[in-house]
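Report on one structure; see the data block that follows.
The values are calculated or read from the model by the stated rules, or taken from the named source; none is laboratory data. All values reported here derive from a predicted model rather than from experimental measurement. Note that each Cβ is placed from the backbone with ideal geometry, even for glycine, and that neighbours are counted across all protein chains shown. The accessibility values were calculated without ligands, DNA or RNA, using every heavy atom of the protein model including side chains. Shrake-Rupley method; radii C 1.70, N 1.55, O 1.52, S 1.80 Å.
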Amino acid sequence: MHMPSTTANQHFLSRTEQELNALNPTAQHRRNQRIYSFCLVDREKHHIRLDDAEGRHISGNLALTDLFSFSVINKRKRFNFEHFFGQYEASLRTNTIELLEKLRISNSDIKKEIIEIFAAKLMNFLRNPYSVKKVLNTIGGMLQFHPVDPSLLDDYRAVLAGKKPQQEYLCRQLGIDADEYQKWLAALFMALFRPRPGEINVMEGMIKGLFENRSHQTNVMICQYVDEHADKRCLLSDRGYSNPSRGPEMLAFSFNLCSNAFIVYTFTDVTQFAGGTVPPQVIDDFRKQPKRVQVKLLTNELAPLASYNRNVVYQCAHSVFCSSQSVYGLP
């Protein structure tokens, strides 16, 4: 497996995801699509400021030069992770549109969309440069291992030892050191490479464990705003995700789906949630039941939107993005 690429302008939130939040989604040319950008002013007060009344070109937004390039050969050729990322980005638009359409017509056959959207969004967390330290705390333990396939091992060694002229600049901009940057790239490789064609990678194994763990109750909530509330918009974070306020027994993620919808995944450890108040036999019976993911659609419920938008602002790194200059739920 080799990953040559000519792409130097590397998005850490894909153009597709941003285009689902474009202020001009019907622009004739993709390069002309824009998105409103807001800089964080006061995290505690959820105060943001519009950067430019014309919006930003999506083609260069949420991207850094050679961010994921682990070996830069020359100005035109480098080795990076575009191949890995493309596997998940390619179907994101289709999965998002089909999920919302199936929910609209009460079609319950949405397992594929629910899981593949989660995979694409989780990848955004892993590859987000503003979350390097958190990613290393989450999956950095994988670096005690290495691929056994000789070709994959060569690629892995290239990730560690490749020429990275961008490293000093990126580390300075992101507030990390060279060792953290190298380990982050190595952890991305270990999470995303496939041991053999068609086999799941480590990230997909993590997702499989979350959705299939019989000790977890898995809930998915989709909030959408249409008709009289079609002007109510959902923010997109520069981190790509936010964590709703939950207890220690819950693992929860909120993600932007598009300009007028967001999705929340919650994985609840039923034993911790019960807190000793539920008889062990009841917990055992729950674990023996077929695993089901509970999916709920909320349409035009404004309180969850206000909470979501405030949470996105509070947890962003520097900026949030939207298809509208007016953001519901903020001062």
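Mind checking which pairs have a first residue in the stretch 175-191 that is on the phi > 0 side of the Ramachandran plot and a second that is open to solvent by less than 20 Å² (accessible area, probe 1.4 Å), Cβ under 9 Å, 6 or more apart or different chains?
Gly175/Val132
Filter the stretch 32-61 down to the residues that are over 23 Å from the mean Cα position of the chain (by Cα) and basic (Lys, Arg) and list them by number.
Lys45, Arg49
With (1) of a type outside the set (Asp, Glu); (2) modelled with pLDDT under 90; (3) more than 27 Å from Glu116 (Cα to Cα) as the list, and Ser71 as the residue in question, which single condition is left unmet?
The single condition Ser71 does not satisfy is (2).
Condition (residue is touching a residue at least 12 places away in the same chain (Cβ under 8 Å), closer than 19 Å to Arg310 by Cβ and open to solvent by 10 Å² or more (accessible area, probe 1.4 Å)) applied to the stretch 213-223: is it met by at least one residue?
Yes, there is a match, as at least one residue in the stretch 213-223 is touching a residue at least 12 places away in the same chain (Cβ under 8 Å), closer than 19 Å to Arg310 by Cβ and open to solvent by 10 Å² or more (accessible area, probe 1.4 Å).
Confirm whether Leu185 is open to solvent by less than 70 Å² (accessible area, probe 1.4 Å), touching a Ser or Thr at 6+ places or on another chain (Cβ under 8 Å) and assigned to a helix (DSSP H, G or I). Break it down stepwise before answering.
Values: open to solvent by less than 70 Å² (accessible area, probe 1.4 Å): yes; touching a Ser or Thr at 6+ places or on another chain (Cβ under 8 Å): no; assigned to a helix (DSSP H, G or I): yes.
For Leu185, the condition - open to solvent by less than 70 Å² (accessible area, probe 1.4 Å), touching a Ser or Thr at 6+ places or on another chain (Cβ under 8 Å) and assigned to a helix (DSSP H, G or I) - is not met.
Would you check which residues across the stretch 22-58 are of a type in the set (Ser, Thr, Tyr) and either on the phi > 0 side of the Ramachandran plot or surrounded by fewer than 16 Cβ atoms within 10 Å (Cβ to Cβ) (or both) and list them?
The one that is of a type in the set (Ser, Thr, Tyr) and either on the phi > 0 side of the Ramachandran plot or surrounded by fewer than 16 Cβ atoms within 10 Å (Cβ to Cβ) (or both): Thr26.
Which of the residues belonging to the stretch 224-245 are touching a strand residue (DSSP E or B) at 6+ places or on another chain (Cβ under 7 Å), open to solvent by 10 Å² or more (accessible area, probe 1.4 Å) and under 24 Å from Val132 (Cβ atoms)?
Tyr241, Asn243, Pro244 - these are the residues of the stretch 224-245 that are touching a strand residue (DSSP E or B) at 6+ places or on another chain (Cβ under 7 Å), open to solvent by 10 Å² or more (accessible area, probe 1.4 Å) and under 24 Å from Val132 (Cβ atoms).
How many residues, within the stretch 142-153, are in a helix (DSSP H, G or I) and either in contact (Cβ under 8 Å) with a residue 40 or more places away in the chain or surrounded by 13 or more Cβ atoms within 10 Å (Cβ to Cβ) (or both)? Walk me through how you get there before you give the answer.
Initial filter on the stretch 142-153 (in a helix (DSSP H, G or I)): 142-144, 150-153.
Checking the rest, the ones that are also either in contact (Cβ under 8 Å) with a residue 40 or more places away in the chain or surrounded by 13 or more Cβ atoms within 10 Å (Cβ to Cβ) (or both) come to 142-143, 151-152.
Residues flagged as in a helix (DSSP H, G or I) and either in contact (Cβ under 8 Å) with a residue 40 or more places away in the chain or surrounded by 13 or more Cβ atoms within 10 Å (Cβ to Cβ) (or both) within the stretch 142-153 amount to 4.
Restricting to the stretch 297-331, name every residue that is of a type outside the set (S, T, N, Q), open to solvent by 70 Å² or more (accessible area, probe 1.4 Å) and under 17 Å from Asn260 (Cβ atoms).
Matches in the stretch 297-331: Glu301, Ala303, Tyr328.
State whether one or more residues within the stretch 26-43 are among the charged types (D, E, K, R), touching a residue at least 60 places away in the same chain (Cβ under 8 Å) and part of a loop (DSSP other than H, G, I, E, B).
Checked the stretch 26-43: at least one residue is among the charged types (D, E, K, R), touching a residue at least 60 places away in the same chain (Cβ under 8 Å) and part of a loop (DSSP other than H, G, I, E, B).
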